[in-house]
There are 2 protein chains.
Amino acid sequence: MIVVSHRGPISFREQADGSFEQRRGSGGVVSALAPLLARREDAHWIAAAISEDDRTAVAAGESHADEFNLRLLSLDPDAHRAHYDTISNSTFWFLFHGLFDLSRFPRFDRHWRDAWQSYVEVNKAFADAVAETAAGGDVVLIQDLHLMLVAGMLKKARPDLHVSHFTHTPFCGPNSIRVLPDYAAHAVCSSLATCPSGFHAQRWADAFRASSQTVLGAHAAVGNNYAASFGPDPKMLESELAMPEVQAAIHSLEERVGDRALVVRSDRVEPSKNIVRGFYAYDLLLEEHPELRERVVFAALLNPSRDSIPAYQAYRDEVEQAAARVNDRWARDDWQPVLLDTRDDYARSIAGLARSDVLLVNPVRDGLNLVAMEGPLVNDRDGVVCLSRDAGAFDILEQGCLAVNPYDIVQTAAVLHEALEMEPAERASRAAILRDRAASSPPSLWLETQIRHARN
Amino acid sequence: MIVVSHRGPISFREQADGSFEQRRGSGGVVSALAPLLARREDAHWIAAAISEDDRTAVAAGESHADEFNLRLLSLDPDAHRAHYDTISNSTFWFLFHGLFDLSRFPRFDRHWRDAWQSYVEVNKAFADAVAETAAGGDVVLIQDLHLMLVAGMLKKARPDLHVSHFTHTPFCGPNSIRVLPDYAAHAVCSSLATCPSGFHAQRWADAFRASSQTVLGAHAAVGNNYAASFGPDPKMLESELAMPEVQAAIHSLEERVGDRALVVRSDRVEPSKNIVRGFYAYDLLLEEHPELRERVVFAALLNPSRDSIPAYQAYRDEVEQAAARVNDRWARDDWQPVLLDTRDDYARSIAGLARSDVLLVNPVRDGLNLVAMEGPLVNDRDGVVCLSRDAGAFDILEQGCLAVNPYDIVQTAAVLHEALEMEPAERASRAAILRDRAASSPPSLWLETQIRHARN
């Protein structure tokens, strides 16, 4: 078995003595797969050298990983940057999440066309590495939007392999896929159509099918696409919750919040996460329900993200202004209605989920959303989950959560109010459903599903 | 027969002596319908009093129209403003054209919810007026996005009537209709589903069907929706072309352009029209083809539009900056590459279409686009039409035009180059197709189609 992903399970850090320290990488895909592939002789992992130190380690022949059969690809830095920033993050991420302000962006100019060539080159480097590494008939599991052309390239170079591709974001519908230049839309759809193509939710699989039929023709074979997902590993979450730094963060949060009700959100600072509208809804809640003033705190636990992209910097500014607006309007001497924390601090985020009475997860669109599933598993207060119906995780948690229309401030405020006022018995029964559903799809099952589809 | 539209065929202007002058209104819907309904005893027209003078004429009992059985409804000014600005123009127009920058807008706050009540009220006023006016079994033809709830209201109040609704914009797909608050999405879809619902292109009819099934349920009856369209009236265009002010404008344009090739666009300053990307494409054309410099002029003939909406002001600024950027970069003493004309001047627009060698019509989305059909009918130079594939008119003109991907600057520049370099024989054969197709659907046929569907 070969797993192929842009980011690998290990990053390297050069030490003063010239040796390289190995660190476990982060991110949803790596966190799910790394524990399953560690110390498995039959599993290979191919990924990109991300940092300068990764590249140095590869050049020095020191990129051997203790726990993985890992091959890091050292890519041309300019091509890699174009592949990552311009195509993966600024085009496909925006397109699949519906984030483009279409009267202005995208603009497929010559710069973009050149970046597309880099995307093709980087995908080719991955496909070549797989073709070299794979034994006859191997299973190859390609991950995410950085590598959408690899399946098609392998179909030509190594038709003996059992290939599957899994997309971790949403996929867009026919009106949106047509936004791309024809050659790019065709390349993506025709590559993913050569293999079983997996998505976190049925609606993304359906969107891929509809888009492919628009791009490739109504009668084109568009692969045996499927929905399969993974939740958190409950055991791993349990051990994280027990860590001293998490317990300390819970203690610190409790000191700040006291006996007030706590609404929490935990997100990257990312336009798809809909953080600004969350503050507007909370503001409306305080306006409409004076009895809640001083009785509730909204902790927004936000990790920095993609600070090098101007659209992300602009969004971070809007988030900070919206939070400040609520505090300016409602704060009293002994009460700050919004706690905005933008440090990159995982322990604090887990602590927030553990202590929350209400968890707000209101993305405009999300492939899955792991936070919505982690919350119920670390929370022992029967916390209520208010979840956007446009997140893939909604399909899993629907019976236990309260549904949010992410664009509707009035409705979101009403849902927050319903959550804060919910009777203990209903909280308990919903929390039991949420825990059950969130624990029902550990990463091991998801990995098996990919393998089964690849082999079919 | 009763035609129901927001804007009527006549507006009133109070004179110094207290009498009211009647003026023919403008706009695509009115221009198509007014000649067909003038002096028809059997046709009634119900519309809103738009201007202060209209309202005064209604109050004075002086809103009788010489040529029409016209009833103008004098609406509460605040409710009318909310109906028109907040719901019709800032919500439905943006939603159906895919113009929302979804990580920021829309925000359905209390202001919006109140405006929605006004939209319902205004629609109710129209439905009441129809119910009062209509004889048993009358045909009622409701027009456009301002009045999407009227059909459903009439279904209850006057089930004897034969009602049809026609939407002149695009319609959005299932992912987009879900953006609305549930009550609004449900109100729109369930109203339009009570009657035959017409659109300019099959794809908008399909989008309505898919959206309605998402909102109302997969097995809901969603009406006998249909595609039917109208082009310009060739005779009317011919007489307009012969008017002295149009001939003068042609002469004036010829003096400025000389023997250079002329690219023309003629649009309202409207984010859906994609004017900025058009300038970027022209800029790239001049960059890649030095031989075209000084040999081509791009006349952008732009009518002001909805200046009171901030998003439109911002877009106008971007348009002006993009035009200035091209001129700053390429202009020489005796050559200005872009002529930007933002006066509200119909004669100038017709003159531009008549004199153009290439017509660029590249909207990001458009229900139909009449300019693309008017061009071939007033142009005697075998002008090439470069048309966005995302305009409804593309389905009509596909065999004769060159297809533009509105987001792809590189492709748009290549299409402009192909158009400018096209051999005379191909220009002639394409122009013949364009003229034939553009003249094939006069408004009279479209009106008959609506009546036929209403009666079925």
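The values are calculated or read from the model by the stated rules, or taken from the named source; none is laboratory data. Computed from a prediction, not measured in an experiment: that's the story for all the values here. Every residue, glycine as well, gets a Cβ built from its backbone with ideal geometry; the counts of neighbours run over all protein chains shown. Side chains are part of the model used for accessible areas, which takes the heavy atoms of the whole protein and leaves out ligands, DNA and RNA. Shrake-Rupley method; radii C 1.70, N 1.55, O 1.52, S 1.80 Å.
Take every pair of alpha-carbon atoms less than 8 Å apart whose residues are at least six positions apart; their mean separation over the length of chain B yields a relative contact order of 14 percent. Taking all protein chains as shown and a probe of 1.4 angstrom, A:Arg306 keeps an accessible surface of around 60 Å².
Pairs of Cα atoms in the stretch B:344-390 fall into 10 Å distance bins, from 0 up to the last occupied one, in shares of 29, 52, 19 percent. Quick check: Cα centre of the stretch A:392-456 to Cα centre of the stretch A:1-74, how many Å? Cα centroid to Cα centroid, the span is 33 Å. What separates the A:Arg81 label point from its copies, with the point 7 Å along Cα to Cβ, is 5.1 nm, written shortest first. Averaged over the residues of B:171-179, the number of partner chain Cβ atoms lying within 10 Å of the residue Cβ comes to 4. Of the beta bridges in chain A, as assigned by DSSP with both residues counted there, near 10 percent are antiparallel.
Would you kindly work out the equivalent ellipsoid of the protein assembly as shown from its C-alpha gyration tensor and give its semi-axes, the square roots of five times the eigenvalues, largest first in whole Å? Don't skip to the answer; put the middle values down first.
On the way: eigenvalues 523, 260, 124 Å².
In descending order, the three semi-axes are 51, 36, 25 Å.
The other copies place their B:Gln399 label points at 5.7 nm from this one, listed shortest first, where each point is 7 Å from Cα along Cα→Cβ. Taken over chain B, the ratio of Cα radius of gyration to 2.2 N^0.38 Å equals 1.00. Which one, A:Val297, A:Val378, A:Gln336, is farthest towards the positive end of the dipole of chain A when Lys and Arg carry +1 and Asp and Glu -1 on their Cβ? Checking the options against the dipole of chain A, the answer is A:Val378. Each residue of the stretch A:423-434 is assigned a 3J(HN,Hα), and the resulting list reads 5, x, 5, 5, 4, 5, 6, 5, 4, 5, 4, 4 Hz, derived from the Karplus form 6.51 cos²θ - 1.76 cosθ + 1.60 (θ = phi - 60°), x at Gly and Pro.
When all protein chains stay in place and ligands, DNA and RNA are ignored, the 1.4 Å accessible-area order of A:Glu294, B:Glu255, largest first, is B:Glu255, A:Glu294.
Need one value for B:407-414: mean number of C-beta atoms belonging to other chains within 10 Å of its residues' C-beta atoms. Please list the in-between numbers first.
Numbers: counts 11, 12, 9, 8, 5, 1, 2, 0.
Mean shielding by partner chains, rounded to a whole number: 6.
Please find the FRET efficiency linking B:Arg39 to A:Ala218, where r is the Cβ-Cβ separation and R0 is fixed at 51 Å, and quote it to the nearest 0.05.
0.60
Need the list of lysines near A:Lys124 for cross-linking: C-alpha distance under 19 angstrom, and skip anything on the same chain fewer than eight residues off. Output for A:Lys124: A:Lys155, A:Lys156.
Here's how it looks for A:Ile10: its modeled amide H is under 5 Å from those of A:Gly25, which are all 5 or more places away or on a different chain.
Closest approach of a chain B beta carbon to the axis mapping chain B onto chain A (residue, whole Å): B:Asp101, 2. Using a Förster distance of 22 angstrom, determine the FRET efficiency expected from the C-beta separation of A:Glu67 and A:Met243, and round it to 0.05. Using R0 = 22 Å, I get an efficiency of 0.60. Between the helical axis of A:110-133 and the longest alpha-carbon principal axis of chain A there is an angle of about 70 degrees.
What ranking, highest mean first, results for peptides B:186-193, A:24-31 when packing means the other Cβ atoms within 10 Å averaged over each residue? All intermediate terms of the calculation are to be shown ahead of the outcome.
Numbers: B:186-193: 22.1, A:24-31: 16.5.
Ranking the peptides B:186-193, A:24-31 by packing returns B:186-193, A:24-31.
Express in whole angstrom the spacing between the alpha-carbon centres of the stretch B:232-290 and the stretch A:290-333. After rounding, the separation between the Cα centres reads 48 Å.
Applying 1/(1 + (r/R0)^6) with R0 = 22 Å to the Cβ-Cβ distance of A:Ser252 and A:Arg332, what FRET efficiency is obtained, to the nearest 0.05?
On the way: r = 22 Å, r/R0 = 0.99.
It comes to 0.50.
Under 5 Å from the amide H of B:Gly198 lie the amide H atoms of B:His165, B:Phe166, B:Thr167, B:Tyr226, each residue being 5 or more positions distant or on a separate chain, with H modelled from the backbone and absent for Pro and chain starts. Each copy carries a label point for A:Arg23 at 7 Å from Cα toward Cβ; from one copy, the others' points are 6.9 nm away, ordered from shortest.
Please say if the stretch B:234-438 is rounded, prolate or oblate, where rounded means a/c under 1.5 for a ≥ b ≥ c the square roots of the C-alpha gyration tensor eigenvalues, and otherwise the choice is prolate for a/b larger than b/c and oblate otherwise? Mind dumping the intermediate values first?
Working: a/c = 1.17, a/b = 1.12, b/c = 1.05.
Verdict is rounded for the stretch B:234-438.
Accessible surface buried at the B:A interface totals approximately 3600 Å², computed with a 1.4 Å probe on protein heavy atoms. Each label point was placed 7 Å from the Cα along the Cα-to-Cβ direction; for A:Arg293 and B:Asp436 their separation is 7.3 nm.
Rolling a 1.4 angstrom probe over the protein heavy atoms, how many square angstrom per residue are accessible across the stretch B:1-152?
Values: 5990 Å² over 152 residues.
Per residue, the stretch B:1-152 has an accessible area of 39 Å².
If you fit an axis through the alpha-carbon atoms of helix A:28-37 and take the longest principal axis of the Cα set of chain A, what angle between them do you get, 0 to 90°, nearest 10? Taking the Cα atoms of chain A, the angle to A:28-37 is about 60 degrees.
Only residues of the stretch B:122-150 count here: report those whose backbone N is under 13 Å from the spot 7 Å along Cα→Cβ of B:Asp76, or say none. Label zone hits: B:122-125.
For peptide A:50-58, the mean count of partner chain Cβ atoms within 10 Å of a residue's Cβ comes to 0.
The separation of the stretch A:123-138 from the stretch B:175-231, counted between C-alpha centres, amounts to 47 Å. Our helix-only sum for the protein assembly as shown, with -39,500 (n - 2.57) per DSSP H run of n ≥ 4 divided by its residues, gives a mean residue ellipticity at 222 nm of -14000 deg cm²/dmol.
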